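For reference, the structure is listed below as C-alpha cells.
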Amino acid sequence: MNTTTTIRKVAIVGYNRIPFARANTAYADVGNQQMMTAALNGLVDKYNLKGKLLGEVAGGAVIKHTYDNNLIRECVMKTALDPATPACDLQQACDTGIESAVYIANKIALGQIESGIAGGVDSISDMPIAVSENLRKILLGARKAKSFGEKLKFFLKIRPKDLSPLVPRNEEPQTGLSMGGHTEITAKYYKIPREEQDQLALKSHLNMAKAYDEGFFDDMITPFNGLEKDNNLRKDSTIEKLASLKPAFDKTNGTLTAGNSTPLTDGASCILLASEEWAKEQGLPILAYITFAEIAAVEYVKNQQNLLLAPVFAASRMLDKAGLTLQDFDYYEIHEAFAAQVLTTLKIWESPELSSAIGLKKPLGAIDREKLNVKGSSLAAAHPFAATGGRIIGVMAKLLNEKGSGRGFVSICAAGGQGVTMIIEK
C-alpha cells in the first residue's frame, strides 16, 4: 500500500434536490428511480455536467423494491452523464445521504477519483409490499414442483391469513418500538417539556418560510411532478396551533405530536463533490470543503432512551481530532428527526452530569441557538430518510459560501442507534 499519498482537500461544488413531499401527496404515483433521476438531472443541468465522466455516484434508499437493487446505477443511466460513470448503492438508515458524501469524499481525498456525486432518495408512498412468510414458502415450493398435481398440493396449503400483505414497519427490530416511540422515552427520561419541543418546531417552520421568501432555495431545488416547494412547510404555523395537537405515540402522557415530529416523506437530494483541480478545470465554484467526519453508534436495546443520540459521541470524537470546541462554529445544522431529540442532544452537551452519565469525558458546552438551523430544518422540510443528508450539506455549503468564510457543524442521527457528524469549512 502506498503510504506517501497526500490527503487532498474535498470541495463541495454543487447541490440539488427536488421538493420534499409528505407521503401519499404530490409523489404518490412516482418511485425512487423517478425522484432520484430528477434530482440528478437537475444537478447535471445546473453545473453543465452533460456528457461528463465522473469518478462515481453513490447513494441509496432506506426503503426500496427488490427491482431497485442497483438503484443509483440505474438512475445514472437515465441522466445525461456519461453512461460510463460508475455508481453504487449505500444504506445506513437516515445517515445514508451523509455517509454517501463521506464515501465519495474519502475517494477524492485519497486521489482515487477527481469528482463524484453523493445522494439519497426515499419513497414512502411507493412502499414495497411483501407476502407472508408462509405464502412465500408455499410459492417457492410450487415453483420447484414438476407437475400440476404437485403444484396443486402446495396451493391447497394456502389459508386466508396467508394472504395478508406485509409492509415495511417503521420500528427497531430488537425493541419493536418506532423511532417516535423511542424518542417519547427520550423526552421523558431527559425531561424535555412539550412547550420547548413546540417552540423548536415553530422556529423551524418560520426560518424556512423566511428563507423561501428571501429566495435562498431558488437555486437549490428542481421542481418535480407539479411541486415547487416542500409541502410540509407551514408558513402560518403558530405556537397555539402546535399546542392544540394531540400526542402521536404515547396517547395518554406523551409530548411528541405530528407538529414536533417529522412526517413520513418522499424526496431526493444530491451534492457534487470534487478535488480543487477538477473544480477549477470545469469552471465551477468551490462553495466549501468537507474537512472532518465521524460516525458513532450506541446501545439502545437496554437504554431505549438513547436510540437517536449517537451524534453526541460522534461529535466529541470528531472535535477532538479537529482540535476544535463545539463553540468554534458559525452555523449548526442538527437534523430535526424530532424536536425532543435535538433538545436532548443540546441538554446533554450543556450538562456535566448528563454528559458523564452517558459516557462522555466532558460536556461539550452550550451553543448559540441563533446559529442553529437558521434556514429551517427537517421539522419544516420533512424527512425522506436517505435524502436528508444531501439537503443539509447543501444548505450548510451555501450558508458558508454566502458568508465568504467560516465553519459549519452538521449532525444527523439515524435508526439503529447510529449517527454521523461532519465539519464543513470555507
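No value in this document is a laboratory result; all are computed from the given coordinates. Everything numeric here is computed off the predicted structure, so don't read it as measured data. Note that we place each Cβ from the backbone using ideal geometry, even for glycine, and neighbour counts take in every protein chain shown.
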Worksheet item: Gain in length, ASN134 to ASN24, computed as 0.36 nm per residue apart minus the alpha-carbon separation, to one decimal in nm?
Response: 36.6 nm
Discussion item. How large is the Rg to Rh ratio of the chain when both quantities use alpha carbon positions and Rh follows Kirkwood?
Written reply: 1.00
Discussion item. Sequence gap at least 6, Cα distance under 8 Å: using those rules, report the relative contact order of the chain to the nearest whole percent.
Written reply: 26 percent
Worksheet entry | Rounded FRET efficiency, nearest 0.05, which uses the C-beta distance separating LEU163 from GLU353 and R0 of 60 Å | 0.65
Worksheet, complete the sentence: The set of residues whose placed amide H lies less than 5 Å from the amide H of TYR15, leaving out same-chain residues fewer than 5 positions away, is LEU272
Worksheet item: With each label point set 7 Å from Cα along the Cα-Cβ vector, what nm distance links LEU110 and LYS403?
Response: 3.1 nm
Fill in: Highest average packing first - 72-84, 91-103, Cβ atoms within 10 Å
91-103, 72-84
Fill in: Value of [θ]222 nm, deg cm²/dmol, for the chain, DSSP H segments ≥ 4, -39500 (n - 2.57) each, nearest 500
-10500 deg cm²/dmol
Item to complete: Just report the Cα centroid separation between region 83-142 and region 395-426, whole Å.
Response: 22 Å
Worksheet item: When Rg is the radius of gyration of the Cα atoms in region 122-263 and Rh is its Kirkwood radius, what does Rg/Rh come to?
Response: 1.19
Worksheet item: So, by mean Cβ neighbours within 10 angstrom, what's the order for 354-365, 303-314, 205-216 with the highest one leading?
Response: 303-314, 205-216, 354-365
Worksheet item: In a shell of Cβ-Cβ distance under 15 Å around LYS321, excluding LYS321 itself, what net charge do Lys and Arg (+1) and Asp and Glu (-1) give?
Response: -1
Response to the item:
For the chain, the charge dipole (Cβ of Lys, Arg +1; Cβ of Asp, Glu -1; about the Cα centre) points to a positive end, and the Cα of LEU319, PHE385, MET127 closest to that extreme belongs to MET127
Discussion item. Taking each pair of distinct Cα atoms in region 262-354 once, what is the resulting Kirkwood hydrodynamic radius in Å?
Written reply: 16.3 Å
Worksheet entry | For region 41-53, Karplus couplings with θ = phi - 60° (6.51, -1.76, 1.60), whole Hz, Gly/Pro x | 4, x, 5, 4, 5, 5, 10, 6, 9, 4, x, 7, 9
Item to complete: Grab the Cα-Cα distance for LEU152 and MET127, subtract it from 0.36 nm times how many residues apart they are, and report the gain in nm with one decimal.
Response: 5.9 nm
Worksheet item: How do LYS375, LYS137 rank when sorted from fewest to most other Cβ atoms within 10 Å of their own Cβ?
Response: LYS137, LYS375
Worksheet item: Too long at a 26 Å Cα-Cα cut-off: which of LYS361/LYS398; LYS321/LYS347; LYS107/LYS398?
Response: LYS361/LYS398
